[in-house]
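Below is one structure, written out as structure tokens; the observations come after it.
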Amino acid sequence: NPFNPVTTIGYSLPKDCNVEIQIFDMMGQEVTTLVGEHKNRGNHIVQWNANGYSTGLYFVSMKTESYQKTRKILLIK
């Protein structure tokens, strides 16, 4: 999953709900919030333009009322 400098994150919601998608650095500090709002059920995509960020490992965290998942992504410049 290496990317440079833009990555697309796709997700699917089985019902309408509040969604929060955040990016964290290796130290666990929040870099940015990509989504922080109520979304309708269905398929969605969001892009992160990491231009201006350092090469390295980042974490994408997605949270809803009933789901939480964190994945690693690698920014290579």
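The values are calculated or read from the model by the stated rules, or taken from the named source; none is laboratory data. Not measured: the values here are computed from a predicted model. With ideal geometry, Cβ positions are generated from the backbone for all residues, glycine too; neighbour counts draw on all protein chains shown. For the accessible areas, the whole protein counts, side chains as well, though only heavy atoms, and no ligand, DNA or RNA atoms are used. Shrake-Rupley method; radii C 1.70, N 1.55, O 1.52, S 1.80 Å.
Among the residues of the range 25-44, those that are under 12 Å from the mean Cα position of the chain (by Cα), of a type outside the set (Asp, Glu) and under 17 Å from residue 72 (Cα atoms) comprise 31, 32, 33, 34.
When the residues of the range 1-29 are narrowed to those that are open to solvent by 60 Å² or more (accessible area, probe 1.4 Å) and in a loop (DSSP other than H, G, I, E, B), which ends up nearest to residue 71 (Cα to Cα)? Among those that are open to solvent by 60 Å² or more (accessible area, probe 1.4 Å) and in a loop (DSSP other than H, G, I, E, B), it is 1. None of 32, 70 is in a strand (DSSP E or B), of a type in the set (Val, Ile, Thr), touching a Phe, Trp or Tyr at 6+ places or on another chain (Cβ under 8 Å) and surrounded by fewer than 12 Cβ atoms within 10 Å (Cβ to Cβ) except 70.
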